[in-house]
Amino acid sequence: MTTRHPLWIAQRHGQDWRDDDILRAIEWLISGVPAREWAARMEHVRRTFESAKREWAAGGPAALFDDGDLIAWYVFQARAYAVERQDWFEPEAFRIAPVFRRLGEVLASLKEVNGAPERAARLMSEGRKQPDDGLFELLVAAAYKRRGWAGVTFVPELPGIAKTQDLLVSKPRTQWAVECKRVNRSGYEAAEKSSGEALAAPLHQLCRTANRSIVVEVIFHEELTRIDPEYLVDRAAMYLRNRRKNTWSDKVSQGHIRDIDWRLMRTVLAVDDIFFGSSRMVELLVGEYVPFADHSVAADWTPAEARPLHASAMKQASVVSWVSRSPAAAKRKARHFRAIVGQARRSASR
């Protein structure tokens, strides 16, 4: 496998395609919602998105969507990928669009699943705050149907009365009750990410005040939630005073600091805009993008006139990239995974 050089430019042609699989999935999902209600929800999504983009253009990042109706945001972004790319928000849409495309691809099978329209209607109403579980259940049901299980039925839920399985599947001489479980990010992982951002924040402020642009790469040995909030900024301050203080290694972490090499970023910005905080921006500032690391980016940047979520120019930036190798953190994450597996086994045994 060859490594792609980071100096590439996004193509301008071939962007007028449609994804009809996604559009079919959307049409089916919203068919159980009254048209007037759905139009109002979509209008709320669009107003929130457009208002946030204006705030981004003014230099103040704002929430781009209402997390009280995530399924409406998902549909909005899926449609953006399918046909309305001016509304595309990469950090969210890259994981949303493939799910909706797969729903469209298996829609014929899904329509043969007993109770699927009712489950979809529940997803679009009661499940709007946490749509990932409902979408996963629909995909699992379609997968059973496509793999030769003659009977696939969603079990009506009885909230507050009894715990039920998600599906009953059967074929000659075989019948199973199915509980759909997926391993998602635990509360601990979310706290860990938030702690990493908190460690990076004073470092970003220091660089902004000093008008310095640096990259900080860290491997943590301790849990991020237990590290002194001034830990990274202290090391950055030493580097800004003396560039020879560019590495460290202690019981908390090991790391390296260097100045940003602006040649890649400025070469691309001369002909293109870059989505702020994206993997592409990290790649150009750092020289490569490490997908298994977490990244925090701050900068003095100019939003593009037509695309305010993209930078058209940058004067100063700082990047913190980190990986956690804390044994305690690994144990907590493994405990979360085991809990999910154990819950699935208990459900299957009932």
Exercise. Which semi-axis lengths, in whole Å and largest first, follow from the square roots of five times the eigenvalues of the Cα gyration tensor of the chain?
Worked result: 42, 27, 18
Exercise. By how many degrees, between 0 and 90 and to the nearest 10, does the Cα long axis of helix 327-349 differ from the longest principal axis of the chain?
Worked result: 0 degrees
Problem set entry | Estimated FRET transfer efficiency when R0 is 30 angstrom, pair residue 246-residue 44 (beta carbons, to 0.05) | 0.05
Problem set entry | Alpha-carbon Rg/Rh ratio, for region 16-171, with Rh computed the Kirkwood way | 1.02
Problem set entry | Given charges at Cβ of Lys, Arg, Asp, Glu: the chain dipole, positive-most of 123, 303, 246 | 246
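Looking at region 187-329 only, what percent of DSSP beta bridges run antiparallel? Nearest 5 please. Walk me through the numbers before you get to the answer.
Values: 22 of 29 bridges.
Within region 187-329, antiparallel bridges account for around 75 percent of the total.
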For this session: Treating only the Cβ atoms of Lys and Arg (+1) and Asp and Glu (-1) as charged, compute the dipole magnitude of the chain about its Cα centre; round to the nearest 20 debye.
Result: 1120 debye
For this session: For helix 116-125, report the angle its Cα long axis makes with the longest principal axis of the Cα atoms of the chain; keep it between 0 and 90° and round to the nearest 10°.
Result: 40 degrees
Seminar exercise, completed: Calc'd 3J(HN,Hα), region 5-22, phi into Karplus 6.51 cos²θ - 1.76 cosθ + 1.60 (θ = phi - 60°), Hz, glycine/Pro = x, comes to 6, x, 7, 10, 10, 4, 6, 9, 9, x, 9, 9, 7, 10, 10, 6, 4, 5
Problem set entry | Note, ³J(HN,Hα) from phi for region 32-42, Karplus 6.51, -1.76, 1.60, rounded to Hz, x at Gly and Pro | x, 9, x, 4, 5, 5, 5, 4, 5, 5, 5
Exercise. Which residues' amide hydrogens lie under 5 Å from the amide hydrogen of residue 164, considering only partners 5 or more residues apart or on another chain, with H built in the peptide plane?
Worked result: 158
Exercise. Long-range amide H contacts for residue 310: which residues qualify at under 5 Å (H placed 1.01 Å from N, peptide plane, sequence gap of 5 or more or a different chain)?
Worked result: 276, 304
Exercise. Mind listing the phi-derived Karplus ³J(HN,Hα) values for region 191-201, rounded to whole Hz, using 6.51, -1.76 and 1.60 with θ = phi - 60°, and x for any glycine or proline?
Worked result: 5, 5, 4, 4, 5, x, 5, 5, 5, 6, 4
Problem set entry | For the chain: relative contact order, % (alpha-carbon pairs under 8 angstrom, 6 or more apart) | 16 percent
Problem set entry | Long pairs among 53/181; 53/111; 111/181; 145/181; 129/181, criterion Cα-Cα beyond 26 Å | 53/181; 53/111
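What is region 182-303 by shape, rounded, prolate or oblate, if you read a ≥ b ≥ c off the alpha carbon gyration tensor as root eigenvalues and call it rounded for a/c under 1.5, prolate for a/b larger than b/c, and oblate otherwise?
Numbers: a/c = 1.90, a/b = 1.19, b/c = 1.60.
Because a/c hits 1.5 or more and a/b fails to exceed b/c, region 182-303 counts as oblate.
Just so you know, all these numbers are worked out from the coordinates, no wet-lab data involved. Predicted model only: the values in this text are computed from it and were never measured. So basically every Cβ, Gly included, is an ideal-geometry build from the backbone, and we count neighbours across all protein chains shown.
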